[in-house]
Amino acid sequence: TCNQNRTQSFPYLSGIYSNPSVNIDFKRETFVYKIDVDYHIFTVSIWSTAEYCHAEGWLDGKRENIRESFVIGLSMPLTIRIYVVDTDMARHMHSRIYYTLILTRRPRGQLGMLPRNANHSVCLIKQECDKMIFPDQPCGLQATGHGSWNTFTSQSAKLPECESANIQGSWLVPCVQCSDDDSCYWKQAMWQPYGRKCSYHMPVKEEVESSYDDKNILFLGDSTLRGMMYYILEYLNGSLTDWEMSHGALLYNNINRGRTNMSFMYYPGLDEDPPTIKTALKTLIKLSQPVKNSSSTVLVVGRFKNIDKSDFPLLMSTLKELGLTGIKLVMKTMGFSRCQVDVAAAVNTNSDLTAIAQRCGFEILQVFPIIMPMYKDATYGNCAMHYHFISNRKEGRKLENYHVNGNVVAAYSNMFITMLHRHWTNKAKKYLIGGIKV
């Protein structure tokens, strides 16, 4: 029951609640709570009750927002403020009294590197049980029968290089027991194709740098694609000294000792009436000049959501208008949207995107099945889940350095780096046609 006496009860809450339950240990006069959360608690719903009958707890100061669901990313603690507001006076004044929740979600599994002489099992995950993209196949962590992790990795190194980034696969991870995902070393997890017929290998760094000479890579998409660009930039330069969380245009011509150019255009824009893909592409091309009509120019398109079907004819006609029909095209497929509840619909949408892009001549960087088994590894986001974060790692008196973190973004970015290296060194025999239904 609430208290009608304002003097006695305002500005206190009588309780803070969550679903699923987390250890808040509420006390009315404690205004800051630091809460550790298990890895598997990906989202949490928060609400409260006030002691005073005419008061409410408004989440993050938003008017009448008394209950909300939040994603707890792995990159940084989630801070939630609950403002105690007298609803009779809310129109005239903004409450400065608030409770603060600071939620930190712990990483999954064992920290640090796998012990060199450990005899760990090879375990597999293709999908989480609550986000099944293959309804007729097992979910969760599974045993593989591959023997020890050390034997598996040495055998994988001898397999031929995969010639496509559009092959069905799964995450493989070393574990003490495949029945206990907390016994696994998830930082050593690898994305590998099924069938053990090929493996994804990173080429020798010097060979990659040489193959990227005099190349121009253009990125057209959202912040998930921007994160991939910064991963590649850091790989080629050996460090990352500058980055922006831009929702506009970016240009970098200091990559690979000045021998490689990269540019980025955020699409679609965040304006109420964002520019069309034709306008965005023309802006990106103008920014990236000189642009050659050859495979030394690469256009990468990708968002966490699918590209609208109507965008493809406009995209292709714009390239023809600009005389750029000879450039290489790459499509990064969909990511994970927390706001899309229907997983089966997302599977079908990604399959349609893959097929349309292939018909238009795009090579496919198939990221959707890479992300979905690890969707809880999201570093931040609300609807659009991100699988990278950029941290500061200043070293002594050196220039400020940053690092792109994230096992998921590393997996598909390395596949992209290898894809272009293979293309420019003519090592590809034939690209896989007729995408996979994922």
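The values are calculated or read from the model by the stated rules, or taken from the named source; none is laboratory data. Quantities reported herein were computed from a predicted structural model and do not represent experimental measurements. Every residue, glycine as well, gets a Cβ built from its backbone with ideal geometry; the counts of neighbours run over all protein chains shown. Keep in mind that these areas ignore ligands, DNA and RNA; they rest on the heavy atoms of the full protein, side chains included. Shrake-Rupley method; radii C 1.70, N 1.55, O 1.52, S 1.80 Å.
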Quick one: which of Tyr267, Tyr231, Tyr252 is surrounded by 17 or more Cβ atoms within 10 Å (Cβ to Cβ) and either over 19 Å from the mean Cα position of the chain (by Cα) or among the small types (Gly, Ala, Ser) (or both)? Tyr252
Test result for Gly73, among the small types (Gly, Ala, Ser), open to solvent by less than 20 Å² (accessible area, probe 1.4 Å) and assigned to a strand (DSSP E or B): no
Does the range 194-215 contain at least one residue that is at pLDDT below 95, open to solvent by less than 10 Å² (accessible area, probe 1.4 Å) and either within 20 Å of Gly112 (Cα to Cα) or touching a helix residue (DSSP H, G or I) at 6+ places or on another chain (Cβ under 7 Å) (or both)? yes
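Of these, Thr104, Thr100, which one is open to solvent by 40 Å² or more (accessible area, probe 1.4 Å), touching a residue at least 24 places away in the same chain (Cβ under 8 Å) and within 30 Å of Arg63 (Cα to Cα)?
So the residue among Thr104, Thr100 that is open to solvent by 40 Å² or more (accessible area, probe 1.4 Å), touching a residue at least 24 places away in the same chain (Cβ under 8 Å) and within 30 Å of Arg63 (Cα to Cα) is Thr104.
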Can you say whether Ser391 is at pLDDT 95 or above and open to solvent by less than 40 Å² (accessible area, probe 1.4 Å), as far as the supplied structure shows? no
For Gly361, work out the one condition from (1) at pLDDT below 95; (2) within 23 Å of Phe312 (Cα to Cα) it doesn't fulfil. (1)
Mind listing whichever residues of the range 154-175 are farther than 18 Å from Asn119 by Cβ, open to solvent by less than 60 Å² (accessible area, probe 1.4 Å) and hydrophobic (A, V, I, L, M, F, W, C)? Leu159, Cys162, Ala165, Ile167, Trp171
Meets criteria (over 20 Å from Phe362 (Cβ atoms), in contact with a helix residue (DSSP H, G or I) (Cβ under 8 Å, 6 or more places away or on another chain) and of a type in the set (S, T, N, Q)) for Asn261: no
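Kindly establish whether Val409 is assigned to a strand (DSSP E or B) and modelled with pLDDT of 95 or more. Don't jump to the end; show me each part of the working.
On the way: assigned to a strand (DSSP E or B): no; modelled with pLDDT of 95 or more: yes.
So Val409 does not fit the description; no.
Out of curiosity, is Phe42 crowded, with 20+ Cβ neighbours inside 10 Å and at pLDDT 95 or above? Give the derivation first.
Numbers: crowded, with 20+ Cβ neighbours inside 10 Å: yes; at pLDDT 95 or above: yes.
When the stated conditions are applied, Phe42 passes them.
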Asp36 vs. criteria over 28 Å from Val409 (Cα atoms) and not hydroxyl-bearing (Ser, Thr, Tyr): no
Just checking, does the range 4-15 include any residue being open to solvent by less than 40 Å² (accessible area, probe 1.4 Å), over 29 Å from Cys339 (Cβ atoms) and in a loop (DSSP other than H, G, I, E, B)? yes
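Across the range 28-52, what is the total count of residues that are of a type in the set (Phe, Trp, Tyr) and either in contact with a Pro (Cβ under 8 Å, 6 or more places away or on another chain) or under 21 Å from Met89 (Cβ atoms) (or both)? Walk me through how you get there before you give the answer.
Pass one, the range 28-52, residues of a type in the set (Phe, Trp, Tyr): 31, 33, 39, 42, 47, 52.
Restricting the remaining residues to those that are either in contact with a Pro (Cβ under 8 Å, 6 or more places away or on another chain) or under 21 Å from Met89 (Cβ atoms) (or both) gives 31, 39, 52.
Total satisfying the criteria: 3.
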Go through (1) surrounded by fewer than 16 Cβ atoms within 10 Å (Cβ to Cβ); (2) under 27 Å from Ile364 (Cβ atoms); (3) hydroxyl-bearing (Ser, Thr, Tyr) for Ser179 and report which single condition fails. (2)
Taking the condition of being part of a helix (DSSP H, G or I), hydrophobic (A, V, I, L, M, F, W, C) and without any contact (Cβ under 8 Å) to a residue 40 or more places away in the chain, how many residues in the range 321-345 meet it? 1
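Go through the range 281-330 residue by residue and tally those that are basic (Lys, Arg) and either farther than 20 Å from Met262 by Cβ or exposed (fewer than 15 other Cβ atoms within 10 Å of the Cβ) (or both).
Residues of the range 281-330 that are basic (Lys, Arg), as a first pass: 282, 286, 292, 303, 305, 309, 320, 328.
Keeping just the survivors that are either farther than 20 Å from Met262 by Cβ or exposed (fewer than 15 other Cβ atoms within 10 Å of the Cβ) (or both) gives 286, 292, 305, 309, 320.
So the answer is 5.
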Does Val22 fit the bill of being open to solvent by 30 Å² or more (accessible area, probe 1.4 Å) and out of contact with any Pro (no Cβ under 9 Å at 6 or more places or on another chain)? no
Just wondering, is there one or more residues in the range 142-162 that are within 22 Å of Tyr380 (Cα to Cα) and in contact with a Cys (Cβ under 6 Å, 6 or more places away or on another chain)? no
Within the range 45-64, the residues that are open to solvent by 30 Å² or more (accessible area, probe 1.4 Å) and either part of a loop (DSSP other than H, G, I, E, B) or on the phi > 0 side of the Ramachandran plot (or both) are Glu51, Cys53, His54, Asp60, Lys62, Arg63, Glu64
